[in-house]
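Every read-out reported here was derived from the displayed coordinates using simple, explicitly stated rules and does not represent laboratory data. Source: prediction; values computed, not measured. Here the Cβ positions follow ideal geometry from the backbone for every residue, glycine too, while neighbour counts run over all protein chains shown.
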Amino acid sequence: MLINEFFVSEHTNYCFTRAKRTHEEEGTVRITSFVRLTKEYSYSGRDRSYERSESVWVDIREVTAREAAESVVMLPEHMVKFSVSEAVFSELVRLAASSPEELFHMTPEYVACESC
């Protein structure tokens, strides 16, 4: 691989991103929820660095405020990105395949992350 010839270290950061936005559309209050599982790769060498990301799973859902689960309604209006361990990330990917709706209102076990 060409990258390995120029870069001496590699780091993978596993991320869980969740966002919620409430808005009005044609007189109806709607809630849009977004969840993404991402692997972020960082390569560094003597005089340069390189970063890339890979979306492993992503979902966007929109419901009226009346249809939304109370746990979704109660979430704050913002986007939050969590850095998680590889083991937690694997569990989140598994959960996304079996019960994706769970990811829209959960907070995973996460680690502090300066870049998140």
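Shown in residue order for segment 50-66 are the 3J(HN,Hα) couplings computed by the Karplus curve 6.51 cos²θ - 1.76 cosθ + 1.60 at θ = phi - 60°: 9, 10, 8, 10, 10, 6, 8, 7, 8, 8, 10, 9, 10, 9, 6, 4, 5 Hz (x for Gly and Pro).
Relative to the longest principal axis of the Cα atoms of the chain, the long axis of helix 86-98 lies at roughly 40 degrees. With the simple spin-label model, which puts each label point 7 Å out from Cα in the Cβ direction, the Glu86 to Thr22 separation comes to 4.1 nm.
Using r as the Cβ-Cβ distance of Val29 and Thr107, and R0 as 25 Å, what FRET efficiency do you calculate, to the nearest 0.05? Approximately 0.55, to the nearest 0.05. Only the Cβ atoms of Lys and Arg (+1) and of Asp and Glu (-1) were treated as charged; on that basis the dipole of segment 2-105 about its Cα centre amounts to roughly 180 debye.
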